[in-house]
Amino acid sequence: MWERSDRSCDPGEGFVSANEYASFAESDPSSGADFRPRHLLPQGEKERSSPKAGALVAAWFALALTGAAAHAQGVVPNQGTPARPAVVAAPQAVPGFWDPRRRPDRPDLSRITVIRFLTETDYPPFNFTGPDGNPAGFNVDLARMICDEIKVTCTIQMRRFETLIDALSSNRGDAIIASLAVTPQLRARVDFSDPYYRAPARFVSRRDSVMREIRPEYLEGRKVGVIAGTSHEAYLKTMFTDAELHAFPNDDALRAGLRRGEVDFIFGDAISLAFWINGTDSADCCAFSGGPFIESRYFGEGIGIAVRKGNDLLRQALNWSLFRLWEKGRYTDLWLRYFSVSPF
């Protein structure tokens, strides 16, 4: 009931495609706007609601629906001819953080009678207000799936992001599912479930300059744009010392610099970049180059569900249900529904 390594990651490491997951499960049945993650915001930048949130939600729905239709019909959106018939699209990469050999024990779920989820109001496509006024988004749908798996009544309350931790600590909710990054600072205040997604970093170049692989030596003397004061800039300064770095104040300026040819590459949050390069704002200028970078020292341990310190029963129940959703393929279905273009 609902009331309202320092290295580039191998595309197959830690992630499975939908096709790979299906074949794995069959062979081993016992396996049972600003989109940047919060911990990647420039130091000192305040959280704020985006006045473009409604437009972002509409754009996301348009992109998802158009992409789904194109996939089904084999055509480019807004065109009636086959899309580059010589090129076969690679299977969508779906994050998987669950080891099939380490299935969590099923906790005593009878002791859980209700889960009061807390989420935020304005972080599409993860959290936003739907057309009917109710909470919507990837996180909200995942919360519903968790409660369905546990067979427990749930509620969900939308709050401003900066109030979530205090609301949890004061027992106004039981769990936060709001793209909350797992950090040492937050671990001191709350406990986390296992990660259910990550926000990798990636390079983007113009389409006529795409590189299949990117290593530090490949970018010697090349101009690379990045947002000043972010973990992405810190990573480049440490690992890509021979590249010519150009700092930009925000996403819009960074992406415009790439479109105008001021830089050869830009480096940033792959999730927001995936939406940009496949949206109208990019004018089909650009594409990902190389694979994802997931070094936890710079890009975090992942995104988890927060519970109050010491609430081990709920944390274990969340871990068990997340594993079960992945094992059944339901997590994969949810991911593909929201992310028609892989950030990985």
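The values are calculated or read from the model by the stated rules, or taken from the named source; none is laboratory data. All of these numbers come straight from a predicted model, not from anything done at the bench. Here the Cβ is made from the backbone with ideal geometry for all residues, glycine too, and neighbour counts use every protein chain on show. Heavy atoms of the whole protein, side chains included, go into the accessibility calculation; ligands, DNA and RNA do not. Shrake-Rupley method; radii C 1.70, N 1.55, O 1.52, S 1.80 Å.
Couple of notes before you dig in:
- Here is the result for the range 98-165: no GluC sites (Glu not before Pro) lie in DSSP coil with at most 15 other C-beta atoms within 10 angstrom of their C-beta.
- Candidates per trypsin sites (Lys or Arg not before Pro) in the range 249-330, loop by DSSP, up to 14 other Cβ within 10 Å: Arg260, Lys309, Lys328
- For Ala283, net neighbour charge (Lys/Arg +1, Asp/Glu -1) across residues whose Cβ lies under 12 Å away: +3
- Entry comment: accessible area of the range 212-305 is 42 Å² per residue, from protein heavy atoms only and a probe of 1.4 Å.
- Karplus (6.51, -1.76, 1.60) ³J(HN,Hα), θ = phi - 60°, over the range 279-289, in Hz, Gly and Pro reported as x: x, 6, 5, 7, 6, 6, 7, 9, 7, 5, 10
- What the pair-distance distribution of the range 143-185 shows, using all Cα-Cα distances binned every 10 Å from zero, is 23, 50, 25, 1 percent.
- When the range 254-344 is reduced to its Cα atoms, the Kirkwood hydrodynamic radius in Å: 16.2 Å
- Each residue of the range 182-193 is assigned a 3J(HN,Hα), and the resulting list reads 7, 10, x, 5, 6, 4, 6, 10, 9, 9, 10, 6 Hz, derived from the Karplus form 6.51 cos²θ - 1.76 cosθ + 1.60 (θ = phi - 60°), x at Gly and Pro.
- Gyration tensor verdict on the range 302-344 (Cα atoms; rounded if a/c is under 1.5, prolate if a/b is larger than b/c, oblate otherwise): oblate
- Cα gyration tensor, the range 107-194 - rounded (a/c under 1.5), prolate or oblate: oblate
- Close amide-amide hydrogen proximity is noted between Tyr197 and Ile303, each under 5 Å apart and 5 or more residues distant or on a separate chain (H modeled in the peptide plane; Pro and chain starts excluded).
- Shape category assigned to the range 198-264 from the gyration tensor of Cα positions, a/c cut at 1.5: rounded
- Sparsely packed trypsin sites (Lys or Arg not before Pro) within the range 138-212, loop by DSSP, other Cβ within 10 Å at most 10: Lys151, Arg212
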